[in-house]
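Each value in this text was obtained by applying a stated rule to the coordinates, not by laboratory testing. Just so we're clear, the structure is a prediction, and the values are computed from it rather than from any experiment. We place every Cβ from the backbone using ideal geometry, glycine too, and count neighbours over all the protein chains shown.
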Amino acid sequence: MDRELVHPFSKYLRSAMMPHIWCSGCGNGIVLNCFINALDDLQIDLDKLVVVSGIGCIGRIAGYTNADSFHTTHGRAIAFSTGAKLANPELEVVVISGDGDLFAIGGNHFMHAARRNIGIKVICANNFNYGMTGGQQGPTTPLESLTTTTPYGNIEHPFNLIHLAAACGATYVARWTTLHVRRLTQSIKRVLQKEGFCFIEVVSPCPEIFGRRNKMRTGLEMMEWFRRASVVENFSDPSKAEISSEKIVVGEFVNKEKVSYERLLHEKIAQINEKRVEW
Amino acid sequence: MPERIKHPPLDSKKVKPPNAEIHIIKDQCKGCGFCIQFCPKKVLEESQEINARGVPPPKVVNEGGCVICSFCTAVCPDFAIFVVEKPLEEDVKT
Amino acid sequence: MVENKELESKGSEEIRIGVYVCHCGLNIAGSIDCEEVAKFAAALPQVVLAKDNRYTCSDQGQEIIKNDIKERKLNRVVVASCSPRLHESTFRKACEEAGLNKYLFEMANIREQCSWVHLHDQKAATEKAKDLVKMAVAKVALLQPAEEIEVPVTRKALVIGGGVAGVQAALDLADTGHKVYLVEKEPSIGGMMARIDKTFPTMDCSICILAPKMSDAGHHHNIELMTNSEVTEVKGYIGNFCVKVLKKPRYVTKDCSACGECPKVCPIIAPNEFDVGLVSRHAIYTPFAQAVPSTYIIDMNICLNKDGVIVCDKCIKTCEREAVNFEMKPETVELDVGTIIVATGADVFDPSTLPNYGYGKYSNVLTSLEFERLINAGGPSGGRLIRPSDMQIPKRVAFVQCVGSRSDKSGRLYCSNVCCMNTIKDSLLIKEHWPETEIYVFYVDIRAYGKGFEDLYKRARKEGVIFIRGLPSEIFEDRKTRNLWLFGENTLKRELYNVNADMVILSIGLEPRKDSEIIQRLLTLSRTQDGFFMEAHPKLRPVDAATGGIFFAGCAEGPKDIKDSVTQASAAAARAGILMAKGNVTVEAITPIYFADKCKLCGLCVKVCPYNAITLNKELKRVEVIEAACGGCGTCSAECPFGALTQSHFTDEQIIAQIDAVTEHEPEKKIVAFCCNWCAYAGADFAGISRMQYPPKVRIIRTMCSGRVAPKFVQRAFARGAATVIVAGCHPGDCHYINANYHTQKRMEQMWKKMKQSGLDDERLQLLWASAAEGERFASKIREMEALMEKVTSEDIEKSKKVFEKALEAS
Amino acid sequence: MSGRRALISGAHFMSGDIACAEGALCAGCRFFAGYPITPATEIAEHLSERMPDFGGIYIQMEDEIASIAAVIGASYAGLKAMTATSGPGFSLMQENIGLAVMTETPCVIVDVMRGGPSTGQPTLPGQQDVMQVKWGSHGDYSIIALAPSSVQEMFDLAIEAFNLSETYRVPAFVMADEIVAHMWEKVVIPHASKIKIVSREKPHIAPDKYKPFAPDGSLIPPMACFGEGYRFHATGLTHDERGYPKTQDSEVQSRLVRRLCEKISKNADRIIKVEGIMLGDADVVVVAYGIVARAALSAVRKAREFGIKAGLLRLVTLWPFAEKHVAEVAKQAKSIVVPEMNCGQIVREVERAAKETPVAFLSKLGEDPHTPQEILELMRRNT
């Protein structure tokens, strides 16, 4: 009888690729769920949507969404999307990838896309480590956490992605956890209706790889941590948006209007061609 | 404000939460337990059975308590649960 | 701040005291031989004349005093009559008019604290009266003229409570041009009146006449409305209050257009408090159609979205204006106001505490408030009076009066004032819609005392409403029909009745707000025994609180109908308006006097001052008192170990003079009581007003605050042979001077310790916390002290004399 | 789009880089992403000025990795796209060149070769990347690489590269060198209408039937682009015809990788272009490409004056390698001479194709390219 059951969101998924590869208790499925929720609320035209991802567990998300999708090489999702968005500004280009992909190997692209204010929407599932390769230390791994490459505790200071994105000039910056599904969905809807470079960090549980090395064996335990520690501080100072075992500052931090790169570019092209006529 | 009446509201038969029909796609469940844990009305529990993926999917223990906030649907990483409102005529029958 | 030099200069002139002993009709003369007291007074040193007359407070009485001041060159006046809390201001005014500084006047309280509490022992009462006069004379001789200083009054008012009284007061003040903060703890203003269908005796539609006022208040440019808010802290004094208000989040912003879409999708349902639970509302709701502000609100107690996690976002999604905001946090705002009007209203009696009426057990037994909602066209049944059991219109309706009123066994002793007329009005409403209905009213007395009330009562009788004297002793339900049987005695016909009715309406009384003591504490108010707030004077200052700058409106001060509430509201607004219009107010000249030469700059006074009114000026090597900020408690003077500070009009000398007067004769038979003006002394007055009888041994010395009572006063009393001493003040936390009475506690503990160490029975020194309403507490304390006195032997007294004489020499 | 200043035609005097840029525009290139690097920078500079005339996009990315990634994105979004770089940047691009191959992305990469390794000699010519272009990215694959030896060819081969890339859904490379890039020469540009332009083939079936990596007979799958309603998925992972990852399936892997190679090898004859001069009776044949081929030509002419039967086989297409043509000349020639500005790269392919026929190699590094004299000397010694 379960067979007959059709989930209301199944039309947004590539059924042939289901079930997804993610572990039990992994937050990536929730990110996908919220993303689809937002698409559904806004009745986004899937024919004009491009989902781009990089490498890592969450990288598979592009394949799962029933829209045009591209699974790029490690760290290059944003660079790829820059090309796609500029080539066809009509497209809604969304990059969904991981903390390692976007901020270690892909960090440079992130910074410059934000600086240029290219109209792509970046959603980062931050699980504090490299899950797919077995749990190595990454750019967001909290100090002192244990990973397969920091067996004695991490001594590298993690990025505050919110602060970074805001500093690079993103027009919208938000952080939620996978427990804040409603607000996350709300934020995704917001960025899908916004011009310019937008960034949403989703703090996401990785119980099997990160959690079990750091005294949180199940997704539930990690979600309970989110519930316990999260405080919504909308539009508070991004530099103070800490993530610690005691406190996870979540909320919308930046939401400003700024003309996108592609609009400036195409306006410029138009002007240039006006001038040419006068010649 | 003064003490509330000691009887149910006069309109309690008319005004009540919608009738929920909870669907669990058992074999799609990976048993993370989010739906059970975060249901505000404690409608779900872990079942005894083991599904195709070798985990116990949730079972409905209090469908009447469900108010269709659909948080379970929203927080499920595996698209394994969703809730619809029971049509009224069925409402009458039962 | 008065410098001591003045004292000496003034000290030089000859003292000429006049004493006036008042009969107060028979109130005093009934149990005191006033003539004798006057004779006694005449013989006292520096007294140039002593008179007794029937009503000293009357114009003639005052004229006599004025003339004597002029012709007999009196420069001090003592009136022995009622409590200074009642008439001190009257006589002070008289003195001033005769050109005598009003601070050269003193009263002996021989009514509330003597004649009324010793009704049956004229001899003892008269002796006590003499003592009291002697104390007053002793003090008055040392009194000094003083100028009162003026403090500015902030031209803003705080109105607590948004019922009809609060709204009226706010509007009146706002219209006279004053800024008003109207604080209401419910989501909407409107209060009780918003839920009533029609008003008696004129039968206007209640909400129809209230709604316009509400929206005026909501839109008035001088009124800042703060709903869903509570006052959490009040500091300062008349004209200069600093108030903290906690604004609780609505979780819906002002962008709400009250379109009403959100409740449709909200899955959470609860009974609507506004409709007394007769209908349901959702977690996101507006209490009623005319609510002001119209902005919706989310009831977080039942909303699914807890601890920062939004589980259900249905309202967020439906709100086109994006007005739903779960991130709203409580905020505390600070307001500076000059006056405060307390319009916190009343609660209704909960009849489920009377099992014999079956409320809560039988579905067709309703309260009068529930009836108001049912009969109301805007109510749950659209104005159809239906009985809950079967939604049918009842053929026979019975009203039961005095439910929770006029009975110590079942509810409150007092009459709730509104129930009789309300029932009469309700019976007429039923007759108006369904003339066939049989209506019974079971009552004790029908009190139709007001304008137009009697006519309404007559009308009801003419319409055929059956009035039966005698409340039912029991109500039973017929299981099948759900009809009700009322059993009782018709006390007119002297026969038993058992009446069958389809519906019973319990006419419930009004009672003080459950949370009254919070407001009481915040504003240091007093409450009468029935729990409503106590006015400064029942006749002459009916809307003033004892605390300056605070006024009452509506049921907070006692059960009232709408008309009286509005009347009182306008009165309160006028009283507050006077203060603010004047723009300044004089504070009693009871601030500290400073003797720079004695000061060792230890800074103790700075520490104990509850108002931070004293600062230590290191350069000038002196302390400085900010008189406007000084509350006048005198605890600094009590604390100063070097006598460098004393409280003007309550100087050490003056108080010691009183002590000495008490202890001159038979000190071993006397109880010396130091009572604070606001609680203990008022409590003693209250004992008198209630004619509570207690032993005539006590002699009360009034200080503004128990914090004024310096150890040396107590030591003095014992050193002069007093058997027992009481220091009495407000309950901890209720101190009229914020926290001054904590120092009282501290000092008492030190003295108890000393007494123990020197082998004295420390029970002889007692500390009493008694509020202005606790007359009985005071009286019983005195009885207890008398018993205690019996045990005190003359040896004990000799011993304590020695111990404390030493102690005094030492200091 | 509004080509106010349209494509140029007729005779022009321009540098190789500019000619390359103009050729690209002519071929329909509407997207350029690059990063400054000598000696390819002028291509970017010229396109930054010219792209707007065609409503095309020029963007300077943060590095060459981003440039090639953007180019792939743009191509998938439906534009003909290219980038231009030199050795160091070319190395950075290798990973995503692999992605372009795997996702069968039409795009053109111009590598203006300079002296390496590493930063090497930015301003001097080289031919050191001709093997990197074949093998540079990991895994097995085939690409198409062309070698212009004149400014005219910078123009012509730019167009050719786009046509081939669009035809075979494969990255195509223009392997220029510092000299052809910076050299100014006369270029004759035919009217646009006379120039053959090829664009990628679009799917002919309904979106729900569409499989983005299912080849028709020609081994080359028709290509849908983003926003056209086909809702396809593409990935750098080994994938089946639907584009869905198949990381555990060896059968899928071999089928995919073989096709990626065969779509080039099986079409080699159609792709490969060479120029043969005086090969008819030649005993000594010079096999050369790029700027070196021009020295080789005058050397061959001189040799004929001295009565040496010399000939020239100029490789226009470097990859796929012109094996047949080399084998052909090797049959009659007594010897083959290969001059290259590297330590011997293409010469290995020549030796492999020439079988018994002896092959002499003349290497030059760092300084100017071979003089005709040097090549003549070698021919003399080998006759």
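Here, the range C:650-811 yields an orientationally averaged convex hull projection of 8.5 nm² when only Cα atoms define the hull.
Taking the Kirkwood radius as the inverse of the mean 1/r across Cα pairs, report the Rg/Rh of the range B:20-93. The Rg/Rh ratio comes out at 0.98.
In peptide D:62-68, what is the residue-averaged number of other protein chain Cβ atoms found within 10 Å of each Cβ?
Values: counts 11, 4, 0, 8, 12, 3, 4.
Partner-chain Cβ atoms within 10 Å, mean over residues of D:62-68: 6.
Summarising the label geometry, the points placed 7 Å from Cα in the beta-carbon direction at B:V84 and C:L540 lie 8.1 nm from one another. The phi-based Karplus calculation (6.51 cos²θ - 1.76 cosθ + 1.60; θ = phi - 60°) puts the 3J(HN,Hα) values of the range D:178-194 at 3, 6, 4, 5, 8, 5, 9, 8, 6, 10, 9, 10, x, 4, 3, 5, 8 Hz, whole numbers, x for Gly and Pro. Near the amide H of A:E156, within less than 5 Å, lie the amide hydrogens of A:E144, all on another chain or at least 5 residues away, with H placed in the peptide plane. Given in Å, the Rg to one decimal and the Dmax to the nearest whole number for the Cα atoms of the range C:347-511 are 14.7, 44.
Taking Lys and Arg as +1 and Asp and Glu as -1, the other residues whose beta-carbon sits under 12 Å from that of C:Q122 total -2. Label separation (D:Q60 vs D:R270): 4.0 nm, computed from points 7 Å beyond Cα along the C-beta direction.
Which three semi-axes in whole Å describe the equivalent ellipsoid of the range A:145-248, each the square root of 5 times a Cα gyration tensor eigenvalue, listed largest first?
Numbers: eigenvalues 134, 56, 30 Å².
Ellipsoid half-lengths, sorted descending, are 26, 17, 12 Å.
In units of the compact-protein estimate 2.2 N^0.38 Å, the range D:275-381 shows a Cα radius of gyration of 0.94. In µm²/s, what is D for the range C:249-328 at 20 °C and 1.002 mPa s, where D = kT/(6 pi eta Rh) by Stokes-Einstein and Rh is the Kirkwood radius from Cα pairs? Once the numbers are plugged in, D ends up at 169 µm²/s.
One chain, two ends: C:E776 and C:D59. Fully extended at 0.36 nm per residue, the span grows by 254.7 nm beyond their Cα-Cα distance. Could you check which residue among B:D78, B:D27, B:D11 shows the biggest mean-square fluctuation in a GNM of chain B with a 10 Å Cα cutoff? The residue with the greatest mean-square fluctuation here is B:D11. Compute the separation of the alpha-carbon centres of the range D:176-197 and the range C:410-439 and state it in Å as a whole number. Distance between centres, Cα-based: 106 Å. Rg then Dmax, both in Å and based on the Cα atoms of the range D:125-178: 11.6, 34. Taking other Cβ atoms within 10 Å as a rough exposure proxy, A:M18, D:M183, D:M223 sort from fewest to most as A:M18, D:M183, D:M223. Footprinting exposure proxy ranking of A:C23, C:C242, C:C420, fewest other C-beta atoms within 10 angstrom first, gives C:C242, A:C23, C:C420. Rounded to the nearest 10 degrees, the angle from helix D:16-27 to the longest Cα principal axis of chain D is 40 degrees. Only helices enter the 222 nm calculation for chain C: every DSSP H run of n ≥ 4 contributes -39,500 (n - 2.57), and dividing by all residues gives -10000 deg cm²/dmol, rounded to 500.
Among A:L42, A:L220, a tally of other beta-carbon atoms within 10 Å of each Cβ gives an order, fewest to most, of A:L42, A:L220.
Please say if the protein assembly as shown is rounded, prolate or oblate, where rounded means a/c under 1.5 for a ≥ b ≥ c the square roots of the C-alpha gyration tensor eigenvalues, and otherwise the choice is prolate for a/b larger than b/c and oblate otherwise? Prolate, because a/c is 1.5 or more and a/b exceeds b/c. Averaging 1/r across all pairs of distinct Cα atoms in chain D and inverting the result yields a Kirkwood radius of 21.3 Å.
Please list the three semi-axes, largest first and in whole Å, of the ellipsoid equivalent to the range D:10-194, using sqrt of 5 times the eigenvalues of its alpha carbon gyration tensor. Intermediate results must be reported in sequence, preceding the final value.
Numbers: eigenvalues 94, 75, 44 Å².
That gives 22, 19, 15 Å for the three semi-axes.
Close amide H pairs (under 5 Å, H built 1.01 Å from N) link A:V95 with A:V52, A:K121, A:V122, A:I123, residues at least 5 positions away or on another chain. Along the Cα-to-Cβ line of D:R381, 7 Å from the Cα, sits a label point; which residues in the range D:322-361 have backbone N less than 16 Å from it? Output list for this probe position: D:335-340, D:344, D:358-361.
Summary value for chain D: 16 percent relative contact order, contacts being C-alpha pairs under 8 angstrom separated by 6+ residues. Computed packing ranks the peptides C:753-760, C:370-377 as C:370-377, C:753-760, most packed first, by mean other Cβ atoms within 10 Å. Across the range C:240-289, counting alpha-carbon atoms alone, Rg and Dmax equal 14.6, 48 Å.
Which value results when the Cα radius of gyration for the range C:591-642 is divided by 2.2 N^0.38 Å?
Details: Rg = 9.9 Å, N = 52, 2.2 N^0.38 = 9.9 Å.
In units of the globular-protein estimate, the range C:591-642 measures up at 1.00.
For chain C, the pair-distance distribution built from all alpha carbon pairs, in bins 20 Å wide starting at 0, is 14, 39, 31, 14, 1 percent. Angle of helix C:84-97 to the longest C-alpha principal axis of chain C, folded into 0 to 90 degrees and rounded to 10: 60°. Summarising the label geometry, the points placed 7 Å from Cα in the beta-carbon direction at C:I626 and C:E35 lie 5.8 nm from one another. Projected over every direction and averaged, the convex hull enclosing the alpha-carbon atoms of the range C:552-641 yields 8.2 nm².
Can you give the % of DSSP beta bridges in the protein assembly as shown that are antiparallel, to the nearest 5? Antiparallel: roughly 40 percent of the beta bridges in the protein assembly as shown. Reducing the range C:170-210 and the range A:68-86 to their Cα centroids gives an inter-centroid distance of 64 Å.
Where does the Debye-calculated log10 I(q)/I(0) of chain A sit at q = 0.12, 0.14 Å⁻¹, using only Cα point scatterers of equal weight, no solvent? Debye intensities relative to I(0), on a log10 scale: -0.71, -0.95. Please work out the Cα center distance from the range B:17-94 to the range D:86-126, rounded to the nearest Å. The range B:17-94 and the range D:86-126 have Cα centres separated by 55 Å.
Relative contact order (percent) for the range C:591-642, with alpha-carbon contacts under 8 angstrom and 6 or more residues of separation?
Working: 61 pairs, mean separation 23.0, N = 52.
The normalised contact order for the range C:591-642 reaches 44 percent.
For the range C:1-148, the equivalent ellipsoid built from the Cα gyration tensor has semi-axes of 26, 15, 14 Å, listed from largest to smallest.
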